[in-house]
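The values are calculated or read from the model by the stated rules, or taken from the named source; none is laboratory data. What you see is a predicted model, and the numbers here were worked out from it, not measured in a lab. Don't worry about glycine lacking a Cβ; one is built from the backbone with ideal geometry, like all the others, and counts go over all protein chains shown. Accessible surface is based on the protein model in full, side chains and every heavy atom, while ligands, DNA and RNA are left aside. Shrake-Rupley method; radii C 1.70, N 1.55, O 1.52, S 1.80 Å.
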Amino acid sequence: VVILPLLIKLERRNVSSKLGSALLTFGLTLSVLLPTALLLFIGVKNGLQELQSLRTSAAASPDSGSDWVGSLVESPRIHGLLEWITQWFPIKIDELADSARDFVRTTGGRLTDLLAAWLTQLPGAVMGLAIMVVSIFFFLTDGRELMKFIRRNSIFKPRETDQVMHAMANICRSVVLA
C-alpha cells in the first residue's frame, strides 16, 4: 500500500519488478525494521540488566534502594505531603518510606521477570521479522499476479470485485498512514 507507488516509479525508470522489489525490501528492512528491532532489543536488555542489579543489591542488603527512596522522602514537597498524611492517618513517615522501598523492590522484581519473559520471545520475533521481509518481497514481486487471480476467481462481478479491492486498499492505507 505504501511501497507499491515506489515500485511503480522504479518500473517507469526501466528497473525490473524483481530488482525494484528487492531494492525496496532491502531499503525498508535497513531503514525501518532492523533499527526498530535493535532499539527494542537494546532497551529491553539494558532495562533487564538494571533491574537485575537492583534485585541482586536488594538481596544483598535489605536497605538497598534507600539511597534514592530516602532522598525522595527527604525532599521538601514529598516530606510535607508525608507529614500531612501522618496527621490524618495513624502511620509514621518511616513506615511509609519502608513501604515505598518494598514497593520499589517488588516492582523491580516483577519488571525483571517481565523483561526476561520478553527476551525468551526474541527468537520467535526474529523469525517473524524474517518472514515479514520475505513476504514483502514476494507481495511486491507477485502482487499484480495475485490481484489478477483474485479477479478471475472472485464470486462477485468484475465491477464489484474492483470496488471491494479498492475499499480494502483504502482501509489498509488508512491503517498504515493514520
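Recomputing Cα extents along the principal axes in Å from the coordinates shown identifies the correct label among (i) 77, 34, 30; (ii) 163, 33, 21; (iii) 100, 43, 21 as (i).
Once the Cα atoms are used to define both axes, helix 34-60 deviates from the longest principal axis of the chain by about 20 degrees. Shown for the chain: lysine pairs separated by 8 or more places, or found on different chains, whose C-alpha atoms are under 22 Å apart, numbering 4.
For segment 74-99 and segment 147-178, what is the separation of their Cα centres, given in Å? Each part reduced to its Cα centre gives a spacing of 63 Å. Computed from Cα positions, the angle between helix 93-120 and the longest principal axis of the chain comes to roughly 30 degrees.
Of all the accessible heavy-atom surface of the chain, with the other protein chains kept in place and a 1.4 Å probe, what percent is carbon and sulfur?
Working: 8910 of 13100 Å².
Roughly 68 percent of what the probe reaches on the chain is carbon or sulfur.
If exposed means no more than 13 neighbouring beta carbons inside 10 Å and the site is in a DSSP loop, what's the longest run of the chain without any exposed trypsin sites (Lys or Arg not before Pro)? Answer from the scan: 93-178. Estimated from helices alone, the mean residue ellipticity of the chain at 222 nm is -28500 deg cm²/dmol (sum of -39500 (n - 2.57) over DSSP H runs with n ≥ 4, per residue).
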